[in-house]
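K.L.:
Just dropping this structure here.
The values are calculated or read from the model by the stated rules, or taken from the named source; none is laboratory data. Just so it is clear, the model here is predicted, and its values are computed rather than measured. So basically every Cβ, Gly included, is an ideal-geometry build from the backbone, and we count neighbours across all protein chains shown. Please note that ligands, DNA and RNA were not included when accessible areas were found on the heavy atoms of the full protein model with its side chains. Shrake-Rupley method; radii C 1.70, N 1.55, O 1.52, S 1.80 Å.
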Amino acid sequence: MTIEKEPALDEVLLTPLVKDALNEDLGRRGDVTSQATIPADMQAKLQIKARQAGVICGMDLARLSFAAVDKQIEFVAHVHDGETVAAGTVLATVRGNARHLLTAERTALNFMTHLSGIATATRQIVDSVAQYPAQITCTRKTIPGLRIVQKYAVRCGGGRNHRLGLDDAILIKDNHIAIAGDIKTAIQQAQDFAGHLIPIEVEVDTLEQLEQALDAGVSLVLLDNMSPETLSQAVDMCKGRAKTEASGGITPETVEAAASTGVDFIAMGYLTHSTTALDIGLDFSA
């Protein structure tokens, strides 16, 4: 499957994340270890290397991490976000003041290892269901403050984003229905509120609820925690009436069974809350 290169995020969105991370790491006294062990004017060259094969993400965040500490640091990227690399690949070369390079190291690597882990897992899952029409989407189950870059990492891995936030679309879930009184009332009130510009999706967990949602005229349904057998029935009910999205604890081990039912989308919180970081290091280069 060919994955198109994802457009980079604007620096104005990334810079606050980098500054917050560096402020957290530097604390009140700065990098006392580098101050204690490295001469103030020493220069060094280091390489960011992938120690595992995977899909890279976070290159701009790494570059901005070094630049925030020292604008004179030279950062030369050798790969781009979304690129699949082998173990041992040199991702970037950085040159400059040795103290400053080491000060920015952990912040740069934290972003890259975490986001590359998400991109890598997403690519693996997307590839595993490539024979089916289903598209893989992420959810709002993200680390507070990092949603925009976590969702960017999903896109770098070939996935799609579900809602970026509560303001993107109306998603009527079980508690909305319970508080509103019933599914028909919840949908009617949402339709009256939304007008023609805000999309509406309804979460259902039974075929009876699904029929009620379809009768109310919704065009997208979230099929929550359904077995593959029930999902297949739900997809048949929705043909020509609504798009379908499977959700609810779907993992790399269960995603193919969900995809085989013919759903249009598969929402996976796993992508942003349970993936493993990709091993990436910063190595001294003499």
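K.L.:
Within region 12-20, does at least one residue satisfy the condition of being part of a helix (DSSP H, G or I), surrounded by 15 or more Cβ atoms within 10 Å (Cβ to Cβ), among the basic types (Lys, Arg) and within 23 Å of the chain's Cα centre (by Cα)?
P.N.:
No, that holds for no residue.
K.L.:
Here are some conditions: (1) surrounded by 10 or more Cβ atoms within 10 Å (Cβ to Cβ); (2) farther than 30 Å from PRO133 by Cβ; (3) not aliphatic (A, V, I, L, M). GLU24 meets all but one. Which one does it not meet?
P.N.:
Every condition holds for GLU24 apart from (1).
K.L.:
Please tell me if GLY58 is within 28 Å of ARG155 (Cβ to Cβ) and open to solvent by less than 40 Å² (accessible area, probe 1.4 Å).
P.N.:
Yes: the conditions hold for GLY58.
K.L.:
Any residue that is assigned to a helix (DSSP H, G or I), within 22 Å of ILE250 (Cα to Cα) and open to solvent by less than 60 Å² (accessible area, probe 1.4 Å) - is there at least one of those in region 179-197?
P.N.:
no
K.L.:
If you go through region 232-244, how many residues are part of a helix (DSSP H, G or I) and either at positive phi or in contact with a strand residue (DSSP E or B) (Cβ under 6 Å, 6 or more places away or on another chain) (or both)?
P.N.:
Total meeting the criteria: 3.
K.L.:
Can you tell me how many residues in region 99-125 are under 22 Å from SER34 (Cα atoms) and either polar (S, T, N, Q) or not in a helix (DSSP H, G or I) (or both)?
P.N.:
3
K.L.:
Go through region 19-74 and give me each residue that's without any contact (Cβ under 8 Å) to a residue 12 or more places away in the chain and small (Gly, Ala, Ser).
P.N.:
Hits for region 19-74 are GLY27, ALA36, ALA67.
K.L.:
So which residues in region 27-63 are among the hydrophobic types (A, V, I, L, M, F, W, C), assigned to a helix (DSSP H, G or I) and touching a Leu at 6+ places or on another chain (Cβ under 6 Å)?
P.N.:
LEU61
K.L.:
Regarding GLN209, is this residue more than 19 Å from TYR132 (Cα to Cα), open to solvent by 50 Å² or more (accessible area, probe 1.4 Å) and assigned to a helix (DSSP H, G or I)?
P.N.:
Values: more than 19 Å from TYR132 (Cα to Cα): yes; open to solvent by 50 Å² or more (accessible area, probe 1.4 Å): no; assigned to a helix (DSSP H, G or I): yes.
It is false that GLN209 is more than 19 Å from TYR132 (Cα to Cα), open to solvent by 50 Å² or more (accessible area, probe 1.4 Å) and assigned to a helix (DSSP H, G or I).
K.L.:
Let me ask something else about it. Which of the residues belonging to region 251-286 are closer than 22 Å to GLU229 by Cα, aliphatic (A, V, I, L, M) and open to solvent by 20 Å² or more (accessible area, probe 1.4 Å)?
P.N.:
ALA257, the sole residue that qualifies.
K.L.:
Let me ask something additional. Please enumerate the residues belonging to region 96-120 that are under 16 Å from the mean Cα position of the chain (by Cα), open to solvent by 10 Å² or more (accessible area, probe 1.4 Å) and aliphatic (A, V, I, L, M).
P.N.:
Those that are under 16 Å from the mean Cα position of the chain (by Cα), open to solvent by 10 Å² or more (accessible area, probe 1.4 Å) and aliphatic (A, V, I, L, M): none in region 96-120.
K.L.:
Related question: Is one or more of the residues making up region 155-167 closer than 20 Å to THR244 by Cβ and open to solvent by 50 Å² or more (accessible area, probe 1.4 Å)?
P.N.:
Yes, the conditions are met somewhere in region 155-167.
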